[in-house]
Amino acid sequence: MSESVAPVIRPRLVLGIDTSCDDTGVGVVELAPDGSVRVRSNRIWSQTVHAQYGGVMPELASREHVERIAQIAAEALDEAGHTLGDLDAVAATSGPGLVGALLVGLMYGKGVAQALDVPFYAAHHLEGHIFAAASEAELRAPYLALVVSGGHTHLFDVPRSGEYVLVGATKDDAAGEAFDKVARLAGLGYPGGPAISEAATRGDPDAVAFKVPLQGQKGFDFSFSGLKTAALLAHRAGAAPEDLAASFQQMAVRTLVNTTLRAAEATGRATVVVSGGVAANAALRAAFQATGLRVVFPGRGLNTDNGAMIALAGAAALHEGRAASSLSEGAVAYAPLATA
């Protein structure tokens with residue numbers, strides 16, 4: 001009598017799409033039966049047309065997404081070694097973001113899911129940023145999550161998977177937005193994050209005396225408009241661009257790290273996820289790693305907006321058995337992540 005052989009359960013494949021702003025991102029993630037994930041591909045088309053305007057032009061962004069999304073999706077699947085027919089689920093960002101841009105990826109994702117008859121998940125952009133860190137380590141609640149980018153500076157407590165409590169946010173500019181504006185006034189180029197980081201290596205971080213924002217606050221909010229104004233005044237007073245970059249970066253990093261550290265102490269969290277475009281900043285990473293907390297950053301290429309992070313969020317929803325989204329799900333410009 002032959003022995004029965006246990007069936008082999010293959011990993012499931014999730015396609016993720018993000019067109020929330022000016023990057024067309026498509027990624028493929030492999031979800032193992034035990035819930036572990038592996039990024040198989042992550043293709044991004046970064047639009048350059050906006051550099052001449054010093055910021056993103058929504059209509060131009062939408063048009064470029066339309067022109068590029070099919071090509072980027074094909075490249076992502078090819079890199080992963082799969083075809084559309086191999087997919088088990090599709091996830092696409094539904095918000096927050098530029099509505100016209102979001103609609104491109106959202107409708108493309110719905111179309112693929114409907115054609116294949118597989119689950120479709122409308123993903124929250126900030127949850128995608130948080131789950132980008134799952135590419136490097138298992139995310140097991142509870143933990144704190146700092147999402148810091150050009151459009152967002154939010155600090156969440158995550159007591160349980162899928163539950164997000166907003167404990168702090170910027171009162172004005174997002175950190176990445178402040179980096180862009182300071183880089184522009186100092187003539188360092190766009191985008192400002194990499195420009196500030198590079199120039200700071202040649203400057204004196206103590207050359208410009210920035211005041212600590214929201215010093216003495218009891219909460220865990222952030223503010224960058226004062227730093228931006230102080231940078232403008234220092235620039236007019238003749239501060240060297242490299243010194244301005246180094247001094248601004250030092251205070252911005254100190255603000256982000258110290259506020260998050262206080263929140264960790266108040267909530268008792270020992271793990272902090274730091275994600276978003278600004279999380280690629282070397283000075284920020286070094287400062288967080290010196291805190292003694294378990295700090296998890298996204299893997300290479302997953303800090304800025306991308307499709308793999310949305311695929312990771314979709315994989316988590318699939319593994320946890322969450323209900324698929326309706327194909328009538330619309331794009332939303334403003335969508336709070338906090339659930340409590």
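Where helices (runs of 4 or more DSSP H) fall wholly inside the stretch 234-340, no range has 1 or more residues that are on the phi > 0 side of the Ramachandran plot and assigned by TED's automatic domain parsing to the domain that holds Ala92. Would you confirm whether or not the stretch 110-126 contains a residue that is in contact with a Leu (Cβ under 6 Å, 6 or more places away or on another chain), surrounded by 22 or more Cβ atoms within 10 Å (Cβ to Cβ) and assigned by TED's automatic domain parsing to the domain that holds Gly25? The answer is yes; a qualifying residue exists.
Residues checked against (1) under 17 Å from Ala264 (Cα atoms); (2) of a type in the set (Asp, Glu):
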residue: Pro142; (1), (2): yes, no
residue: Pro159; (1), (2): yes, no
residue: Glu177; (1), (2): no, yes
residue: Gly192; (1), (2): no, no
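Just so you know, in the stretch 181-233 the residues that are among the charged types (D, E, K, R) and not in a loop (DSSP other than H, G, I, E, B) include one that is farthest from Asn258 (Cα to Cα), and it is Arg184.
State which residue is farthest from Ser94 (Cα to Cα) when the search covers only the stretch 110-145 and only residues that are over 15 Å from the mean Cα position of the chain (by Cα) and β-branched (Val, Ile, Thr). Step by step, filter the stretch 110-145, then rank; the result is Val118.
One residue stands out in the stretch 60-102 among those that are hydroxyl-bearing (Ser, Thr, Tyr) and in contact (Cβ under 8 Å) with a residue 60 or more places away in the chain: the one that is surrounded by the most Cβ atoms within 10 Å (Cβ to Cβ), namely Thr93.
Do we find that Thr48 is assigned by TED's automatic domain parsing to the domain that holds Asp117, touching a helix residue (DSSP H, G or I) at 6+ places or on another chain (Cβ under 9 Å), under 20 Å from Gly192 (Cα atoms) and of a type in the set (Ser, Thr, Tyr) in this structure? Taking the combined requirement at face value, the residue does not satisfy it. Cβ-Cβ contacts under 7 Å between residues 6 or more apart (or on different chains), taken from a first residue in the stretch 113-127 that is without any contact (Cβ under 8 Å) to a residue 60 or more places away in the chain to a second residue that is part of a loop (DSSP other than H, G, I, E, B) and among the aliphatic types (A, V, I, L, M), are listed as Leu116/Leu87; Val118/Leu87.
Of the candidates Arg202, Arg184, the single residue that is of a type in the set (Lys, Arg), assigned by TED's automatic domain parsing to the domain that holds Phe224 and modelled with pLDDT of 95 or more is Arg202. Please specify each residue of the stretch 133-168 satisfying the condition of being of a type in the set (Lys, Arg) and in a strand (DSSP E or B). Correct list: empty. Taking every residue in the stretch 313-339 that is in contact (Cβ under 8 Å) with a residue 12 or more places away in the chain and pairing it with any residue that is among the polar types (S, T, N, Q) and not in a loop (DSSP other than H, G, I, E, B), at least 6 positions away or on another chain, the pairs with Cβ-Cβ distances below 8 Å are Ser325/Ser94; Leu327/Gln114; Glu329/Ser94; Gly330/Ser94; Ala331/Ser94; Val332/Ser94; Ala335/Ser94. Within the stretch 186-204, being surrounded by fewer than 17 Cβ atoms within 10 Å (Cβ to Cβ) and farther than 22 Å from Asp305 by Cβ holds for Gly187, Thr201, Arg202, Asp204.
The values are calculated or read from the model by the stated rules, or taken from the named source; none is laboratory data. Everything quoted here is computed from the prediction, not taken from an experiment. A quick note on method: Cβ atoms are made from the backbone with ideal geometry, for glycine too, and the neighbour counts reach across all protein chains shown.
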